[in-house]
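In what follows, a structure is listed as structure tokens, so that the remarks can point back to it.
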Amino acid sequence: MLRFAVRRLISAVLVLFAVSVLTFLIFNVIPAGDPAVRMAGKVPTKPQVEAIREEWGFDDPIYVQYGTMMKKLFTGDTVSYFTQLNVVDEIIKGAPRTFALAIGAAVLSLLFGVILGVYGARHAGQWSDRAITLLAVLGLSLPVFWLGALMNHYLGFELGIFPNGGYVEFGESPTGWFWHLMLPWIALSFLFVGFYSRVLRSDILETENEDFVRTARAKGLTEKQVMNRHVLRNSLVPIITLWGLDFGFILGGGAILTEAVFNLQGVGQYAAESIEQLDQPVIMAVTLFGAFFIVLLNAVVDIVYAALDPRIRLEDARAP
Amino acid sequence: MSSEPGPLLQVEHLKTYFPIKSGVLIDREVGRVHAVDDVSFELGDGETLGLVGESGCGKTTLARTVTRLLQPSGGSVRFQGQDITELSQRKLRPVRREMQMVFQDPFSSLNPRRRVREIIGGPLRLHGASSSKADERSREILELVGLSGDHMDRYPHEFSGGMRQRIGIARALALSPKLVVLDEPVSALDVSIQAQIINLLDSIQDELGLSYLFVAHDLSVVRHVSDRIAVMYLGKIVELAAASELFEGPIHPYTLSLYSAVPVPDPKEGRARERIVLKGDVPNPSDPPAGCRFHTRCPVATEICSQEEPPLADYGGGHLAACHHPQSIGAARIKRASRSPASPESSARRLPAAGGAR
Amino acid sequence: MSAPLLSVEDLRVSFRTEEGVLQAVDGLSLELAAGEILAIVGESGCGKSVTAMSLMGLTRGANTKIEGRVKLGERDLVGASESELLGVRGAEIAMIFQNPMTSLDPVYRVGEQIAEQIRAHEDVSAEAARERSIELLGRVGIPHAESRVDAYPHEFSGGMRQRVMIAMALSCSPRVLIADEPTTALDVTIQAQILERVMELRREENAGVILITHDLGVVAEVADRVAVMYAGRIVEQGTLDQIFYDPGHPYTWGLLGSVTRLDRDRAGALPSIAGAPPSLIAPPQGCHFRPRCPHARGRCEQVPPLEQRDPKAAGHLDRCWLDLEAKRSLRQVEGGIGLAPAAEAQA
């Protein structure tokens, strides 16, 4: 376990470092990436550009620029090139919104993914299973910006059942908070429910054929006991893994489209705007923010995986 | 028949170790699985050497090391007089033509997306045959293994297990090898199909003068096909002898207990037979017992067995056994025994004393 | 024989598949007495495993049709409700399977898996069930049972896992034990250990054992009676000696002849059976062995009855039209029993 934790920590730091370097470098090679030119306004004059360049240190060697950037990031001093707002403050402002979206959608997608997956497997081949399959394919193929916009328009704007986008602080009004997040949760989890239910369904059908399930039946267990204790217990492992990784992705601001469609002003939306403007400090910060959660949840998934499947622990101790 | 001097295949002190790695930060090698641990044997032209032992004894690893599918950790493999232990993959290619493998599972060892034509003809084309030449040869080989040219355009899944194994054999024979290494070729098949495949292997050998290295856990099958048999336990050869001699006068207690554990398909003889049921499981090959590796399960082990590794003693007529307490033979033969050069380098000098037999 | 422990009458099991109806078991009848080991022998796909599973209703499903009667004492299990069967499975009829590596659930400790079965049938506390598991593990020869009870299946070798399976099967003292190829996946020295264990159990518990196997060596070693199955039917049935020394069905000759023997020197080619078993979706009309049998004649297009042919051999039944004398002369091949190839048989 110690060996596992230490290795995980080291690799996490390395990954984050690599992500930061790559993001930084990409910025320096893309055309129209020169921030000085962009900051100087619509009709930049050469002296203006030069002045900006010197002021912001854009003429320093690239590794010095990287060092400065990282230092400012970690001290919380970094500001946007365009809005001049403190990037860390902005992320802190957006994070609760992103987290609220992520947690709600994750709970919904796991819950319904499992329910529909089990139902589909138990009724495999019947019309109800086919209906779920259809729904799943819809969920997988409907882009969230389209589905979200549709929901927003009809349920929010036309019928007025739900608010038309936006976000309310939980402290301000818990019901308002809940109400505002309802549509984003549904829109975002629609995709994952489709995916998880499909994966779980086929995993269950596969596990049903395992020898140990036959053993369980031969022991005289009821169908429900066989299902819950043996089939589901084994089939849930891959789903939990996928779910954990997706959760990390959304926590890190990966649900950019959902955030933007419902105007939640979360980290994802902040990231989208900064990319539009090629706002380097912001992009660096949000990228690292996202990478951090992805790496973190990856580690958590590995630990949970070992807890769910005792065979993993041994492999870790014995190594390859 | 080849007129090469020396045996077709000569394996000397061959070792294959798999490292076990562990460590908090950087993987260190903390141990080794001694899968094949100092094994020597020879295989002549047209001869069949059977390799038996329980799972984990290293027989499959040995077969794969001999064919250089695995890289040996020590020792040497000479094929047709040429040392192939260190040959590069490129230089191995002409050798591979002459040395083919047939695997256990006819269901997974054939590519399901390839037609029989491609499975058999593929290696031919790889070695430079034209399409029409390859087809012609494939047809010939298919007929040799009891299938017909009509099967050329079918996929493996269209065949039963027995027929698939025939295809596997045909693929191995396509390049006219000198040596075919058969790794459990019939253990996945039903008895009646097993018999068909064994007969086929026999007749092909007679026709083409091939040598077989036949790896199997089923002693009866090995006895039926082999001229000589090597018994392996935990990476070492414990006994090697002509097939009939091995089971008529097994010298090593492990061979004896293996022999007695195989059920005889004859109720009366079975009832009359005395059985030795070995206790426990085969020990972990990453931490094999000191001295004689069999001493933890051996019914006749004494103190010396846990201290000294017995050498392979030659009891005459090519019958080798590594045991401090040789069974089934008289004092005179024990006295005449000499230390075989095939003995592991780590084994003791001392040969079993005649009085040590029981 | 007193009233049998288990009697199967005209069992028929068929599966609906995409290619058609697969008749896996086609009119199978047999009886099992307490303390007896009955071996069912046959090759893969002959229906022996389906028979075993069907005895406990484990093949039930939307696409399965099960007919006939399986009587355990006075009760018929084919017509029994699913909840009645739950009380039979694991408690009165227990089963051990072929592959010990995959027959235990990898995510639970072995003790938990044994206790689960005990608690499915008896109203005992978790501690009591655990105590029983330890005792059972000890009984089947697992060293340090008190600590091994908390190990996971992957921490056991194949032989040890099969012992765990046996411990589990014994946990509720079943009257019938079905062992489906219990040693096929194991090494010979471990096979010998497991077979000894099965024999001991039969002695200690006086349970009836149905041993399903393709290995005639194993049969010779442990069975009292033998039923030979081919393509869904029993083709021959009798005591161990009747089957091995006076076999009446050409398929049995073929099986006996094609076995490689350790106690015999290599004697030329093995007398093998040509061809492969038929499809059970469209089996040949009449005797199912007809297409592979060198002695087949016009009459074989009708199904021969499973009958006693030798008036002196009680309980020895076979399903072949040949008369007794013809059988005894035709099966002699090179001094042993075997199925002669067609050419030689006609000569």
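Bear in mind these aren't lab numbers, they're just calculated from the coordinates by the rules spelled out. Only a predicted model underlies this, so the values are computations on that prediction, with no experimental measurement involved. Cβ coordinates were reconstructed from backbone atoms using ideal geometry, including for glycine residues, and neighbour counts include every protein chain displayed.
Observations
- Computed over chain B, the P(r) curve from all C-alpha pair distances, binned at 20 Å from the origin, holds 28, 55, 17, 0 percent per bin.
- Helical content of chain A, expressed as a calculated mean residue ellipticity at 222 nm, amounts to -24500 deg cm²/dmol (DSSP H runs of 4 or more residues, -39,500 (n - 2.57) each, divided by residue number, nearest 500).
- Amide hydrogen neighbours beyond the local backbone of C:L211, cut-off 5 Å, H modeled: C:L38, C:A39, C:I40, C:A179
- Proximity of backbone amide H atoms, modeled 1.01 Å from N, is registered between B:V30 and B:I20, B:K21, B:S22 at under 5 Å, excluding neighbours fewer than 5 places apart on the same chain.
- Using the Cα coordinates of region A:133-254, the gyration tensor eigenvalues translate into equivalent-ellipsoid semi-axes of 38, 16, 14 Å, sorted from longest to shortest.
- Phi angles across region A:244-249 convert, under the Karplus curve 6.51 cos²θ - 1.76 cosθ + 1.60 with θ = phi - 60°, into 3J(HN,Hα) values of x, 5, 5, 4, x, 5 Hz, Gly and Pro given as x.
- Exposed-site-free run, longest, chain C (rule: trypsin sites (Lys or Arg not before Pro); DSSP loop; at most 11 other C-beta within 10 Å): C:1-296
- Inter-chain neighbour count for C:182-191: the average number of beta-carbon atoms from partner chains within 10 Å of each residue's beta-carbon is 6.
- Each label was represented as a point 7 Å from its Cα along the Cα-to-Cβ direction; for B:A332 and B:D83 these points are 4.3 nm apart.
- With both residues required to sit in chain B, DSSP beta bridges show an antiparallel share near 65%.
- Dipole of region A:1-85 [Lys/Arg +1, Asp/Glu -1 at C-beta], most positive-end residue of A:V43, A:F4, A:L25: A:F4
- Look at the dipole of chain C built from charges on Cβ: of C:V25, C:H154, C:I194, the Cα furthest out on the positive end belongs to C:V25.
- Length-normalised contact order of region A:85-223 in % [C-alpha pairs under 8 Å, at least 6 apart]: 36 percent
- Coarse-grained scattering of the protein assembly as shown at q = 0.05, 0.06, 0.09, 0.10 Å⁻¹, given as base-10 log I(q)/I(0) from a Debye sum over alpha-carbon atoms: -0.43, -0.61, -1.16, -1.31
- Here the relative contact order of region C:5-67, from alpha carbon pairs under 8 Å that lie six or more residues apart, stands at 39 percent.
- A simple packing score, the average count of other Cβ atoms within 10 Å per residue, orders the peptides B:240-248, A:150-158, B:120-128 as B:240-248, B:120-128, A:150-158, with the highest score first.
- Taking the number of Cβ atoms within 10 Å of each Cβ as an exposure proxy, the fewest-first ranking of A:W243, A:W177 is A:W177, A:W243.
- Chain A - Debye-derived log10 I(q)/I(0), Cα point model, q = 0.09, 0.14 Å⁻¹: -0.62, -1.16
- Integer Hz, Karplus 6.51/-1.76/1.60 couplings in order for region A:226-242, x for Gly and Pro: 4, 5, 6, 7, 10, 5, 5, 3, 7, 6, 6, 3, x, 5, 4, 4, 4
- With Cα atoms defining each centre, region B:288-356 and region C:298-321 are spaced 56 Å apart in the structure.
- Mean projected area in nm² (Cα convex hull; one quarter of hull surface) for region A:172-320: 13.3 nm²
- Phi angles of region B:72-80 translate, via the Karplus equation with coefficients 6.51, -1.76, 1.60 and θ = phi - 60°, into HN-Hα couplings of x, 8, x, x, 9, 10, 10, 10, 6 Hz per residue; Gly and Pro are given as x.
- Packing rank of A:231-240, A:74-83, A:10-19, where each peptide gets the mean count of other beta carbons within 10 Å, highest leading: A:231-240, A:74-83, A:10-19
- Helix B:161-173 vs. chain B, principal-axis angle (Cα, 0 to 90°, nearest 10): 90 degrees
- Most simply put, region C:12-124 has about 90% antiparallel DSSP beta bridges, counting only bridges with both residues inside it.
- Mean residue ellipticity (222 nm) of chain C, computed from DSSP H runs ≥ 4 via -39,500 (n - 2.57), nearest 500: -9000 deg cm²/dmol
- Spin-label pair C:E127/B:Q307, simplified geometry with 7 Å Cα→Cβ offset, distance in nm: 5.1 nm
- Exposure proxy for C:E31, C:E19, A:E50: other Cβ atoms within 10 Å of each Cβ, ordered fewest to most, give C:E19, A:E50, C:E31.
- Candidate cross-link partners of A:K71 among the lysines, defined by an alpha-carbon separation under 30 Å and a same-chain spacing of 8 or more, comprise A:K46, A:K93.
- Long-range HN-HN contacts of A:V79 with modeled amide H, under 5 Å: A:V87
- Taking A:M39, C:M168 and counting other C-beta atoms within 10 Å, the order from fewest to most: A:M39, C:M168
- Among A:Q225, B:A63, B:P112 the positive-end extreme of the charge dipole of the protein assembly as shown (Cβ point charges): B:A63
- By the combined test of axial Cα extent (at least 24 Å) and Kyte-Doolittle hydropathy (mean at least -1.0), the qualifying DSSP H helices of chain C come to C:188-205.
- A Förster radius of 41 Å, combined with the Cβ-Cβ distance separating A:L14 from B:K133, puts the computed FRET efficiency at roughly 0.15.
- Folded to 0 to 90 degrees: helix B:191-208 orientation relative to chain B principal axis, Cα: 80 degrees
- Förster radius 51 Å - calculated FRET efficiency between C:A314 and C:R16 (Cβ-Cβ, nearest 0.05): 0.80
- On full extension, the segment bounded by A:R3 and A:T68 gains 20.0 nm, given 0.36 nm per residue less the C-alpha separation.
- Two-decimal log10 I(q)/I(0) for region C:32-191, as the Debye equation yields it once each C-alpha is a single scatterer, q = 0.12, 0.21 Å⁻¹: -0.56, -1.44
- Rounded FRET efficiency, nearest 0.05, which uses the C-beta distance separating A:F157 from A:W179 and R0 of 22 Å: 0.90
- With the simple model of a label 7 Å out from the Cα in the direction of the Cβ, A:E206 to A:D77 spans 5.3 nm.
- Against the main long axis of the alpha-carbon atoms of chain B, helix B:116-126 sits at an angle near 80°.
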